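To start, the structure itself, in structure tokens.
The values are calculated or read from the model by the stated rules, or taken from the named source; none is laboratory data. Computed from a predicted structure; not experimentally measured. Cβ: placed from backbone, ideal geometry, glycine included. Neighbour counts: every protein chain shown.
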Amino acid sequence: MSLTTFLQHFLNALQWGSFYALIAVGYTMVYGVLLLINFAHGDIFMVGAYLGMFVALFLLAQYDVALPLDLPAWALLPLTILVAMALTAVVGVTIERVAYRPLRRKGAPRLYVVITALMFGLLLEYGNLATLGARDRQFPRLIEPTLYNIGGVRFTNVRVAVIVLSLLAMAVLGFLVQRTKTGMAMRAISYDRLAVPLMGVSVDRIIVVTFVIGSAMAALAGVMFGVSYPILSFNMGLLFGWKAFIAAVVGGIGSIRGAVVGGYILGFVEIFVAAFMPSTYRDLIAFSVLLLIITIRPTGLFGVARRTKV
Amino acid sequence: MPALIGVLFLATVVPSGLGLYNPYIQLVLIYIGVNIVLTVSLNLVNGYMGEFSVGHAAFMGVGAYVSSVTTVALVIGNPRLGGPLLPEASSLVVFPLSLLLGGVAAAVFGLLVAIPSFRVRGDYLAIITLAVNFIFKSLVENLDVIGGPRGFLGMTRVTSAMGRAVDVPWTMIWAFVATVGTVYVVHSLVNSTFGKAIVAIREDEIAAELMTVDTRRVKVVAFLLSCGLAGVAGGLFAHVLGFINPAGFGILKSTEVLVMVYLGGMGSITGSVLSAAGLTVLLEAMRPLHVFRWVLIPLLLILLMRFRPTGLMGSRELTDVFPALRRWFGRPPEDEHFEHTGGRVS
């Protein structure tokens with residue numbers, strides 16, 4: 001393989017892996033705090049993409065409601081992303097309040113909450129199908145794509161934007177988790193969930209913050225997915241969500257760094273398999289590689305084995 | 001127990017044989033049977049053993065493909081698999097054997113999962129079974145000899161060949177046998193000493209190990225039995241539907257079975273039977289609602305979980321709720337004082 005083709009696939013993989021990494025972060029954070037596999041998270045990604053589409057259409061004055069001011073073209077994408085992130089965070093927190101918290105309060109076994117999460121994912125999907133119809137939606141064009149060519153490696157400004165924004169978002173997330181008090185409380189809960197409330201930390205507040213951040217990350221992934229591949233369908237989050245969950249586990253579930261690395265690994269494997277083999281082998285090989293990693297390192301790449309003391 | 005089986009036999013198989021039920025009702029009845037087998041077998045691993053396996057459809061799919069390929073290749077013949085090797089009447093013997101073969105194949109496939117996954121506990125089994133489900137689907141899609149993504153068919157000709165040989169509702173009979181057999185096997189298993197070991201693993205694995213339970217062996221045996229039963233259910237499903245494709249054994253099918261297990265309650269066989277039957281009927285009854293069916297069902301289940309957070313039955317059996325039923329179900333007397341704690345440590 002020549003260097004230029006390698007770099008070409010490398011960029012593709014970085015973009016593709018960014019989506020997985022951003023979704024996997026949400027899985028792993030909720031798991032770290034609640035020990036809950038939030039199976040509705042893939043559909044939060046879908047909700048983020050759709051909300052982004054509606055926000056973008058609104059900003060582009062496609063609806064009857066007129067905007068009070070004229071938006072400069074460069075502000076369109078950042079504004080869409082921020083509003084979609086905020087709205088999706090509201091959806092994520094609502095799900096937590098409506099579906100997960102009552103069960104937690106009643107002391108239901110953990111796996112029943114997982115099933116509720118699965119159901120909520122289906123509800124979001126088919127609620128979308130029932131209200132918006134089966135027709136695929138077109139994501140409006142927010143930035144004019146320009147093609148660059150540096151030494152034979154071709155890429156668009158969209159691809160650069162996706163990669164840069166994802167890395168930026170992960171840097172911000174790293175700061176939030178490592179340097180702020182809330183982040184410290186989050187890490188403390190995943191370390192010892194019994195001691196944290198005794199230290200005067202409001203666990204419910206931390207859980208809400210976790211869902212806000214996780215959903216916002218999924219929304220970022222959703223909007224950028226819409227910008228890159230402008231066809232949205234009601235079940236787009238399903239396979240993406242399951243795959244991102246596997247990526248999170250490969251990284252070591254509960255570890256944010258692990259989720260990012262796992263997401264990029266999955267992206268790289270998928271792109272490079274599709275580049276050299278018939279694309280029908282993509283899932284087969286991607287999952288076999290992930291299975292192999294888990295077999296060799298059962299706690300994932302960055303997971304810490306928990307010893308049970310007797 | 002025998003009385004109950006007799007009543008069920010009179011209510012399902014006999015009217016089908018006499019032509020009192022139309023084909024649609026027979027189909028729904030067989031689906032109920034298949035779903036009961038799937039749910040009860042998954043409950044053994046997820047409910048009684050407390051693991052979290054999410055890829056049950058993959059094992060069902062292995063059974064479906066193995067048994068379909070066996071019967072079609074032996075009795076019907078297929079341009080890619082070669083001509084029929086046996087006369088048509090042999091389908092009467094080949095069909096049940098192929099179901100067994102499908103079960104064995106699913107169990108062997110389950111071994112591939114069991115060996116790496118039991119080094120760790122809890123949610124890692126979820127991920128391994130999830131990945132295996134994707135791998136299975138992708139593998140079949142790439143196997144052109146059994147139809148790849150287009151699917152595999154010809155099983156209706158096997159079932160009609162059986163009907164021509166002896167005119168009784170064969171699929172209904174075998175679905176009945178498989179359902180009753182599964183419930184009997186799992187019920188006997190969880191009430192045996194071995195079953196106590198399974199429940200002990202759920203409650204506290206280390207304590208179980210200290211009490212001389214060979215946890216690794218118990219886990220593998222329970223998991224393989226569960227996979228094997230799912231394989232049998234898959235074989236039945238394939239022959240009833242007459243057409244299988246890899247997409248039908250994807251993660252959505254697994255989700256359906258998971259929902260049935262947790263709706264019925266972890267560690268309750270009667271709960272599994274009730275929820276499998278109830279949900280199958282509900283899904284069929286709501287067919288006219290089209291898309292809204294899949295809005296209403298999750299909504300119903302979320303509400304149900306809110307008010308009954310441990311499923312319909314929790315970890316109790318129907319005989320615990322209505323002790324008068326014990327006359328019919330007849331539990332072994334030494335179990336009278338045994339109480340499930342349902343995974344909760346008091």
Being under 22 Å from the mean Cα position of the chain (by Cα), assigned to a helix (DSSP H, G or I) and at pLDDT below 85 is the requirement here; does residue B:10 meet it? no
Somewhere in the stretch B:113-122, is a residue closer than 29 Å to residue B:29 by Cα and among the polar types (S, T, N, Q)? no
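For (1) surrounded by 24 or more Cβ atoms within 10 Å (Cβ to Cβ); (2) more than 14 Å from chain B (Cβ to nearest Cβ), each residue gets a yes or a no:
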{"site": "A:218", "(1), (2)": "yes, yes"}
{"site": "A:231", "(1), (2)": "no, yes"}
{"site": "A:266", "(1), (2)": "yes, no"}
{"site": "A:274", "(1), (2)": "no, no"}
{"site": "A:277", "(1), (2)": "no, no"}
{"site": "A:280", "(1), (2)": "no, no"}
{"site": "A:299", "(1), (2)": "no, no"}
{"site": "A:302", "(1), (2)": "no, yes"}
Would you please list the contacts, defined by Cβ atoms under 7 Å and residues six or more apart or on different chains, that run from a residue in the stretch A:32-47 that is surrounded by fewer than 24 Cβ atoms within 10 Å (Cβ to Cβ) to a residue that is charged (D, E, K, R)? A:35/A:110; A:36/A:110
Any idea which of (1) of a type in the set (D, E, K, R); (2) over 17 Å from residue A:235 (Cβ atoms); (3) more than 14 Å from every other protein chain (Cβ to nearest Cβ) is the one residue A:137 doesn't satisfy? (2)
Across (1) within 30 Å of residue B:202 (Cβ to Cβ); (2) within 14 Å of chain A (Cβ to nearest Cβ); (3) buried (at least 18 other Cβ atoms within 10 Å of the Cβ), residue B:138 clears everything bar (1)
Find the helices (runs of 4 or more DSSP H) located wholly in the stretch A:132-211 whose residues include 1 or more that are touching a residue at least 12 places away in the same chain (Cβ under 8 Å), and list them. A:157-179, A:181-191
Regarding residue B:40, is this residue away from chain A (no Cβ under 14 Å), over 23 Å from residue B:198 (Cα atoms), in a helix (DSSP H, G or I) and touching a residue at least 24 places away in the same chain (Cβ under 8 Å)? no
How many residues are at the interface with another protein chain (Cβ under 7 Å from one of its Cβ atoms), more than 13 Å from residue B:302 (Cα to Cα) and in a helix (DSSP H, G or I) if we restrict to the stretch A:82-131? 5
Failed item, numbered, when residue A:234 is tested on (1) among the hydrophobic types (A, V, I, L, M, F, W, C); (2) part of a helix (DSSP H, G or I); (3) over 30 Å from residue B:206 (Cβ atoms): (2)
Collect the residues in the stretch B:13-22 that are assigned to a helix (DSSP H, G or I) and surrounded by 11 or more Cβ atoms within 10 Å (Cβ to Cβ), keeping them in residue-number order. B:13, B:14, B:15, B:16, B:17
Contact list, first residue from the stretch B:284-297 and within 12 Å of another protein chain (Cβ to nearest Cβ) and at negative phi, second anywhere and assigned to a helix (DSSP H, G or I) and small (Gly, Ala, Ser), beta-carbon distance below 6 Å, six or more apart or interchain, is B:291/A:130; B:292/A:130; B:295/A:127; B:295/A:130
Would you check if residue A:237 is crowded, with 24+ Cβ neighbours inside 10 Å, touching an Asp or Glu at 6+ places or on another chain (Cβ under 6 Å) and touching a residue at least 40 places away in the same chain (Cβ under 8 Å)? yes
Can you name the condition, by its number, that residue A:253 falls short on among (1) within 12 Å of chain B (Cβ to nearest Cβ); (2) part of a helix (DSSP H, G or I); (3) within 15 Å of the chain's Cα centre (by Cα)? (2)
